[in-house]
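See below for the structure under consideration.
The values are calculated or read from the model by the stated rules, or taken from the named source; none is laboratory data. Everything numeric in this text was worked out from a predicted model, so none of it was measured. Every residue, glycine among them, receives a Cβ derived from its backbone with ideal geometry; neighbour counts consider all protein chains shown.
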Amino acid sequence: MTKLNFRCIAPLTRFSMDDDEFVLDENLKIRRMSEEEIKAFQTEFSPIDVKLSVGQSSFALKFEFEKEKFESKDGSNVIDTGIGDASNVVSAPLALLRLIGKGNVSIPAIRVEEIGERQPGLSGPAMQYCEISLFGEQYLVKKEDTSKIQNCWRVLSQLAPLFRRQENRDLLIASSRFHYSYIRKSWEDRIVDSMIGFEALVSREPDEATERESNRISSLIGEGDEQRIKIKKMFRKMYRLRSDIVHGRGIENPNNVREIPLFAQRLLAAAIRTALCLRNDGLSRENMIDMLNECLLSGEKREYLMQKKSGYREFISCEDLPFLAP
């Protein structure tokens, strides 16, 4: 079977780091882009928004991969640009960056080039449009953050297969809505997406009371009574804002609530990370909700949940949220 070898580069917008290179694993790196690489994107990609976005990028995901060439039964030539495989690869590190850090990092386009002798009929690099970052602050990776991100990458790589299991559809819905929220044009859509994600994780009935859901989310994410109280208050604010939006009620002071969708994204990220870890430890969605209900009245259950989460503490921590500050 013939092997095909490809090289991929995927620029990261709204992303910066202290080092020139950051290794996630032996073949997947985040590296500073050269001027030649930036020019290649801007020359070969026609959409103006991609040209502008890549022009503002300094770093990119870079990796190489190989795959078996598909041989048709009739012997005709089948061209494989590798773009589909590359898209699958870049989705995981992008998900990781969004799940564990703050800042609206995105990938506007992917460029894939075959290494070595090209297949007959393949004239040059394949390009694919992805998404353009529309809002949010710069995603910054400091030197002291790199070991945490590498550790979290290892955890997420081990847990990622859980998303593909039918019984974990709640995790898939929550993570999909989480990522949709990053490409929405309005802050109203971002808060609605985030709340759908929360409900997928912890809601049982369509008309379930906000009080019940806020208790479950605060127990799922919070570490200690003080954090749980703050998370519960924030969740209620988020839910009231979501209700005002979907029921067409006016928002009296929009400027006073524009930070709430950002908090919702970070809380949902923490909820997804924690639910993922608990699922890996054998707790089904229903068992997790039962335990979260019991945590409200049982100190023993709260302690049990804390022990369950302790092995993943670096991966699930949400201490960077400003409203959780002492």
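Overview of values
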{"read-out": "Residue count for the stretch 166-201, restricted to those that are among the charged types (D, E, K, R), over 17 Å from F235 (Cβ atoms) and touching a residue at least 40 places away in the same chain (Cβ under 8 Å)", "value": "5"}
{"read-out": "Yes/no for N168 being crowded, with 17+ Cβ neighbours inside 10 Å, at pLDDT below 85 and not charged (D, E, K, R)", "value": "no"}
{"read-out": "Verdict on A10 being of a type outside the set (K, R), buried (at least 16 other Cβ atoms within 10 Å of the Cβ), at pLDDT 85 or above and in contact with a strand residue (DSSP E or B) (Cβ under 8 Å, 6 or more places away or on another chain)", "value": "yes"}
{"read-out": "Count of residues meeting criterion [touching a helix residue (DSSP H, G or I) at 6+ places or on another chain (Cβ under 7 Å) and either under 20 Å from S175 (Cβ atoms) or not assigned by TED's automatic domain parsing to the domain that holds G311 (or both)] in the stretch 240-282", "value": "20"}
{"read-out": "Selection count where residues are buried (at least 21 other Cβ atoms within 10 Å of the Cβ), in contact (Cβ under 8 Å) with a residue 40 or more places away in the chain and of a type in the set (D, E, K, R), scope the stretch 202-219", "value": "1"}
{"read-out": "Residues located in the stretch 137-156, provided they are part of a helix (DSSP H, G or I) and within 24 Å of I183 (Cβ to Cβ)", "value": "I149, C152, W153, L156"}
{"read-out": "Which numbered condition C318 misses (of (1) assigned to a helix (DSSP H, G or I); (2) within 20 Å of the chain's Cα centre (by Cα); (3) over 15 Å from V192 (Cα atoms); (4) of a type outside the set (S, T, Y))", "value": "(1)"}
{"read-out": "Considering residues of the stretch 180-201 that are hydrophobic (A, V, I, L, M, F, W, C) and modelled with pLDDT of 90 or more only, the residue surrounded by the fewest Cβ atoms within 10 Å (Cβ to Cβ)", "value": "I196"}
{"read-out": "G222, sole failed condition from (1) in contact (Cβ under 8 Å) with a residue 12 or more places away in the chain; (2) crowded, with 17+ Cβ neighbours inside 10 Å", "value": "(1)"}
{"read-out": "Condition broken by Q227, with the remaining ones in (1) crowded, with 20+ Cβ neighbours inside 10 Å; (2) in contact with a Leu (Cβ under 7 Å, 6 or more places away or on another chain); (3) under 27 Å from L96 (Cβ atoms) satisfied", "value": "(1)"}
